[in-house]
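Just so it is clear, none of the values below were taken in a lab; they were calculated from the coordinates. No experiment lies behind these values; they were computed from the predicted model shown. Cβ sites come from the backbone with ideal geometry, for glycine too, and all protein chains shown count toward neighbours.
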Amino acid sequence: MKYLVFDSKKEASKEAYKILKSLINENSTLGLATGGSPIALYEEMISDYKAGNFSYKNVKSYNLDEYVGISYDHPESYHKFMEINLFNHIDIEKANTHVPDAGNSDLSAALKAYQEQLNNAEIDVQILGVGSNGHIGFNEPGTPFEKGVHVVDLKQETIEANSRFFNNDINLVPKQAVTMGIKDIMRAKHIILLAFGEAKQHAIKRLVEGDEITENIPCTVLKNHPSVYVLVDKEADFK
Ligand code: GLP
């Protein structure tokens, strides 16, 4: 695992983009994340695309997760998030982008379909954020590492943390989500995890320090992965 600390989110995200670009080509498959953490990385991707340095025409993408119970037109759905923050600004083909179909009335069929898509995909680089409780994707503490795509009941602390995207009203935050499993995340060839702000310090400490791997802090599973880059700002650094 490479652990890199930067003065700011911007600097960390610039370096994350350099690393990403060294690991992919224009035919690669990306695993994408939502939330605040990857936004500045997506800005780097967009500006390099706009400068004519990279094309996403043949790139495929798979997203980690999606809320259950809000429409894809909702500005905080992860379908919409990806359009607003990345897909609308690069030349990726809509048909090559995949976000869990958590709005499907037959949810178990949708889970199965996404699992099959993931099983047939080879993700070159998975972008990750991390929850303050150590969740990756929406794999909350206690999730068995062997689980694949599944529906999650979000923990209270996750609902509270994400209420900042819903007018700070926890009643507006969905209570469930569909997520890739840890097993699916671990199949990626490379992982780039971004974490910013003091709230992430504890999870980062457990991820970077020592040998403990526990389902109670899901991100610790990444200690078992052969190629992980962890980029943080100094507020998220634990030293
Ligand atoms: C969210 C997402 C995760 C994300 C994490 C951190 O709930 N489901 O994929 O990595 O929590 O979010 P943020 O980057 O906004 O701090």
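Of all residues being closer than 30 Å to A113 by Cα and of a type in the set (S, T, Y) in segment 39-64, which is farthest from the chain's Cα centre (by Cα)? Just the residue, please. Checking each candidate, the answer is S55. Summed over segment 35-62, the residues that are without any contact (Cβ under 8 Å) to a residue 60 or more places away in the chain, within 16 Å of the ligand (Cβ to nearest atom) and under 23 Å from T179 (Cα atoms) give a count of 4. The selection criterion, being within 11 Å of the ligand (Cβ to nearest atom) and not hydrophobic (A, V, I, L, M, F, W, C), does not hold for Y72.
Among the residues making up segment 116-151, a single one is among the polar types (S, T, N, Q), closer than 23 Å to I24 by Cα and touching a helix residue (DSSP H, G or I) at 6+ places or on another chain (Cβ under 8 Å): Q126.
Inspect all residues belonging to segment 162-173 and state whether any of them is closer than 29 Å to V59 by Cβ and of a type in the set (G, A, S). No - not one qualifying residue is present in segment 162-173. Taking the conditions (1) acidic (D, E); (2) part of a helix (DSSP H, G or I); (3) surrounded by 16 or more Cβ atoms within 10 Å (Cβ to Cβ) in turn, E157 satisfies each one other than (3). Scanning segment 184-221 for residues that are β-branched (V, I, T), crowded, with 19+ Cβ neighbours inside 10 Å and within 16 Å of E140 (Cβ to Cβ) yields I185, I217, T220, V221. Restricting attention to segment 108-146, the residues being without any contact (Cβ under 8 Å) to a residue 24 or more places away in the chain and among the hydrophobic types (A, V, I, L, M, F, W, C) number 2.
Per-residue answers, yes or no, for (1) of a type in the set (F, W, Y); (2) within 10 Å of the ligand (Cβ to nearest atom); (3) crowded, with 21+ Cβ neighbours inside 10 Å:
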position: L128; (1), (2), (3): no, yes, yes
position: F138; (1), (2), (3): yes, yes, yes
position: F145; (1), (2), (3): yes, no, no
position: K175; (1), (2), (3): no, no, no
position: I182; (1), (2), (3): no, no, yes
position: K223; (1), (2), (3): no, no, no
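Residues in segment 162-171 that are in a helix (DSSP H, G or I) and either surrounded by 15 or more Cβ atoms within 10 Å (Cβ to Cβ) or within 13 Å of the ligand (Cβ to nearest atom) (or both): N162, S163, R164, F165.
So that you can scan it fast, the table gives a plain yes or no per residue for (1) more than 13 Å from the chain's Cα centre (by Cα); (2) closer than 22 Å to E66 by Cβ:
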{"position": "V173", "(1), (2)": "yes, yes"}
{"position": "Q176", "(1), (2)": "yes, yes"}
{"position": "R187", "(1), (2)": "yes, yes"}
{"position": "A195", "(1), (2)": "no, yes"}
{"position": "A199", "(1), (2)": "yes, no"}
{"position": "D211", "(1), (2)": "yes, no"}
{"position": "T220", "(1), (2)": "yes, no"}
